2 protein chains.
Amino acid sequence: MKDSIIPVLIIGSGPAGLTAAIYAARSALTPTVIEGKKPGGQLIGTTYVENWPGQKRILGPALMQEMREHAESVGTEFIAGNVTKVDDTQKPFAVTLDTGTTFHAHAIILAMGAEPKRLNCPGEDKYWGKGVSTCAVCDGTFYKDKKVIVVGGGDSAMEAASFLRSYTDKITIVHILEKLTACQAMQERILKDPTIKVIYAHTVSAIEGNNEKVTGVVITDQKTKASQKIETDGAFITIGLKPNTDFLPAPLERDQWGYLKVHDQTKTSVEGIFAAGDVQDFRYRQAITSAGSGCMAALDAERYLSALRK
Amino acid sequence: MKDSIIPVLIIGSGPAGLTAAIYAARSALTPTVIEGKKPGGQLIGTTYVENWPGQKRILGPALMQEMREHAESVGTEFIAGNVTKVDDTQKPFAVTLDTGTTFHAHAIILAMGAEPKRLNCPGEDKYWGKGVSTCAVCDGTFYKDKKVIVVGGGDSAMEAASFLRSYTDKITIVHILEKLTACQAMQERILKDPTIKVIYAHTVSAIEGNNEKVTGVVITDQKTKASQKIETDGAFITIGLKPNTDFLPAPLERDQWGYLKVHDQTKTSVEGIFAAGDVQDFRYRQAITSAGSGCMAALDAERYLSALRK
């Protein structure tokens with residue numbers, strides 16, 4: 001394996017990576033997908049998706065399974081593992097996994113997605129998995145009729161609160177701004193629910209517990225800086241995403257938040273390396289927009305490779 | 001109807017328009033879709049689609065029907081008709097149909113798609129529908145064991161030739177350039193078929209017939225300008241697309257081919273008017289990329305409208 005050169009190596013297996021694979025495979029580029037830490041990407045951690053065009057309601061994991069099977073059926077090779085190093089100083093590029101294996105590829109599509117941000121406050125690490133979670137869908141079931149805090153005001157916070165609502169009516173949302181930033185539809189669903197309390201202009205400054213599990217959080221008023229403690233059994237942190245780009249070498253230009261800079265839709269600052277999905281998109285972050293950009297990256301990689309062959 | 005103002009009016013009902021509708025409807029913007037001359041867009045004229053992520057093989061019309069039902073189920077209103085005029089000098093914008101009805105909208109998403117280009121050579125109009133066609137899928141069945149010419153060298157030409165192959169083994173492709181421009185996978189399928197003849201560096205300069213139907217075409221060598229006649233029963237013109245933007249007012253900037261110029265992904269030169277899909281994309285033109293850009297246009301329109309409300 002080490003000696004063969006992969007035409008197109010795709011890092012990541014969410015909607016962007018798998019759509020890139022489907023298009024690259026259908027262009028006879030025999031792509032290889034390195035699945036990453038979370039095969040299937042963020043939709044694996046969701047329940048029903050209602051905005052994938054043509055599917056009124058489909059389970060996120062089911063949609064990703066269909067895409068994976070599609071990619072496989074047209075000739076994609078899948079490698080389980082996580083990339084720890086991309087070497088752009090040699091051509092073909094070298095990509096090394098945590099297993100130590102190195103692959104060589106003529107073109108790379110970066111589609112590692114993004115992952116939930118942390119608060120970085122006292123107690124967060126200590127109670128991680130003991131009341132602190134970033135995934136309501138994964139952990140909601142442990143909070144039946146219990147008190148929960150949802151931190152954040154965007155789409156993922158609303159989604160988390162909606163999801164938790166089927167387990168408990170003791171939900172408090174703590175949001176740093178004066179108003180929610182989620183899309184209209186999601187805000188409305190939350191705001192019209194009288195059992196959900198929203199505390200605006202506050203941050204969670206500490207997570208407290210009894211050494212075994214979370215018992216409360218300290219919230220701080222953004223204006224007065226006054227703090228108060230709220231009792232809770234769980235804290236769901238849904239304050240946005242961080243693109244998984246830390247391991248990339250410096251020549252791959254990123255903005256201050258770590259998002260890859262692209263030009264001409266999918267081209268990174270390194271020729272032959274393309275980016276698709278949430279690693280380069282802080283604005284739309286939908287499954288359908290990621291899939292669209294995965295397709296673009298594959299078509300751009302095809303053009304790049306066919307120009308190389310001339 | 002004339003007196004109510006539509007929050008988001010979407011012109012066109014292909015993957016871009018319908019995905020925009022799904023997203024706008026889920027944002028409680030009660031969108032209205034003007035379906036256009038060809039409801040469902042270009043996929044309606046295809047058979048199997050094999051590159052819609054998650055669907056290994058689905059009929060184009062079935063995929064579009066599913067998207068339409070999805071858009072309808074979340075609250076999209078559909079109006080049959082064709083837009084003949086967009087007035088951007090008044091706000092809300094005014095959009096007039098060929099039926100004479102005028103609608104007013106706060107935001108518009110342009111998603112009219114593109115349609116096949118014509119050769120504009122002698123005989124083309126005369127024999128239109130009498131041997132001259134732009135849709136192999138629609139008309140292929142009439143050419144069982146007959147001689148056909150496919151004009152073009154891109155994806156749609158390869159697709160047309162592949163499709164016609166199930167009816168006849170007397171196919172000649174006439175292409176203006178020295179090599180095909182279709183994607184690798186499609187080229188290979190054609191080039192490895194010994195029954196398909198490809199004539200490079202020639203154009204079709206005239207279409208001839210017996211007054212009732214096509215009997216041949218005249219092709220001209222691009223270098224020597226020498227002409228020759230080829231006998232044929234049909235000529236399928238698959239030389240690319242023209243965006244359906246002719247009816248738009250001058251302030252909506254377009255390039256020399258008529259494609260809408262966009263900045264920040266979906267914004268046209270007129271604030272409050274967005275573009276998605278093939279009207280602004282000459283490069284990728286896939287169902288999945290159009291759907292992705294439809295989603296972006298709806299989210300951008302939502303942001304525009306929520307800023308207006310402040």
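Derivation of every value follows stated rules applied to the coordinates shown; laboratory data play no part. Because the structure is a prediction, the values reported are computed rather than measured. Backbone-built Cβ (ideal geometry, glycine too); neighbour counts: all protein chains shown.
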Using alpha-carbon coordinates, inclination of helix B:287-309 to the longest axis of chain B, degrees
20
Give me the base-10 log of I(q)/I(0) for the protein assembly as shown at each q in 0.09, 0.11, 0.12 Å⁻¹, Debye formula, one uniform scatterer per Cα, rounded to two decimals.
-0.79, -1.12, -1.28
Search the structure for amide H atoms under 5 Å from the amide H of B:ILE109, placed 1.01 Å from N in the peptide plane, and list their residues when 5 or more places away or on another chain.
B:LEU9, B:ILE10, B:ILE11, B:PHE274
Under 5 Å, built H, 5+ apart or other chain: amide partners of B:ASN51
none
Using all alpha carbons of segment A:35-123, what is the percent of pairwise distances in each 10 Å bin, ordered from the shortest bin to the longest?
14, 34, 32, 17, 3
Pseudo-label separations to other copies for A:ILE176 - Cα-to-Cβ vector, 7 Å, nm:
5.4
Can you flag which of B:LYS144/B:LYS213; A:LYS179/A:LYS223; A:LYS144/A:LYS170; A:LYS179/B:LYS267 are past 19 Å Cα-Cα?
A:LYS179/B:LYS267
Could you identify the residue of A sitting closest to the A-B rotation axis by Cβ and state that distance rounded to whole angstrom?
A:GLY292, 1
Which residue fluctuates most in the GNM of chain B (Cα springs below 10 Å): B:LYS144, B:LYS213, B:LYS225?
B:LYS225
So what is the relative contact order of segment A:1-92, in percent, for Cα pairs below 8 Å that sit 6 or more residues apart?
32
Amide hydrogen neighbours beyond the local backbone of A:THR168, cut-off 5 Å, H modeled
A:ASP145
Could you sort A:154-161, B:271-278, A:39-46 so that the peptide with the highest average Cβ count within 10 Å comes first and the rest follow in order?
B:271-278, A:154-161, A:39-46
Can you give the convex hull volume of the alpha carbon atoms of segment A:234-310 per residue, in Å³?
109
Which one of B:LEU241, B:TYR143, B:TYR48 is farthest out on the positive end of the charge dipole of the protein assembly as shown, using unit charges on Cβ (Lys, Arg +1; Asp, Glu -1) and the Cα centre as origin?
B:LEU241
Where does chain A land at 222 nm, in deg cm²/dmol rounded to the nearest 500, when only DSSP H runs of n ≥ 4 count, each adding -39500 (n - 2.57), divided by all residues?
-7000 deg cm²/dmol
Would you work out the charge dipole size for segment B:1-115 about its Cα centre, treating the Cβ of every Lys and Arg as +1 and the Cβ of every Asp and Glu as -1, and quote it to the nearest 20 debye?
160
Checking B:VAL270, B:VAL132, B:VAL279 against a Gaussian network model of chain B (alpha-carbon springs below 10 Å), the top fluctuating residue turns out to be B:VAL270
In terms of Cα to Cα distance under 16 Å, which aspartates and glutamates are near enough to A:LYS229, apart from those fewer than 8 places away along the same chain?
A:GLU124, A:GLU208, A:ASP221
Once Lys and Arg get +1 and Asp and Glu get -1 on their Cβ, which of A:TYR127, A:ALA94, A:ALA185 lies farthest toward the positive end of the dipole of segment A:69-195?
A:TYR127
Size of charge dipole - segment B:182-223 - debye, nearest 20, with Cβ of Lys, Arg +1 and Asp, Glu -1, no other charges:
140
Give the relative contact order (percent, whole number) for chain B; include only Cα pairs under 8 Å separated by 6+ residues.
21
Separation between Cα centres of segment A:195-222 and segment B:248-310, rounded to whole Å:
42
Name the aspartates and glutamates eligible as straight-distance cross-link partners of A:LYS117: C-alpha to C-alpha under 15 Å, and not fewer than 8 places from it in the same chain.
A:ASP125, A:ASP155, A:ASP246, A:ASP278
Find every distance from the label point of B:ALA226 to the corresponding label point in the other copies (7 Å from Cα along Cα→Cβ) and write them in nm, one decimal, shortest first.
9.5
Using only Cα atoms, figure out Rg for segment A:159-289 and give it as a multiple of 2.2 N^0.38 Å.
1.35
Report the charge-dipole magnitude of segment B:105-260 in Debye, nearest 20, computed about the Cα centre from +1 at each Lys and Arg Cβ and -1 at each Asp and Glu Cβ.
340
Counting only Cβ distances under 4.7 Å between cysteines, those in chain A with no partner are A:CYS121, A:CYS183, A:CYS295
Report, for A:ALA94, each distance to the same residue's label point in the other copies, shortest first and in nm; define the point 7 Å along Cα→Cβ.
6.8
At what distance in angstrom do the alpha carbon centres of segment B:101-116 and segment A:223-247 lie from each other?
42
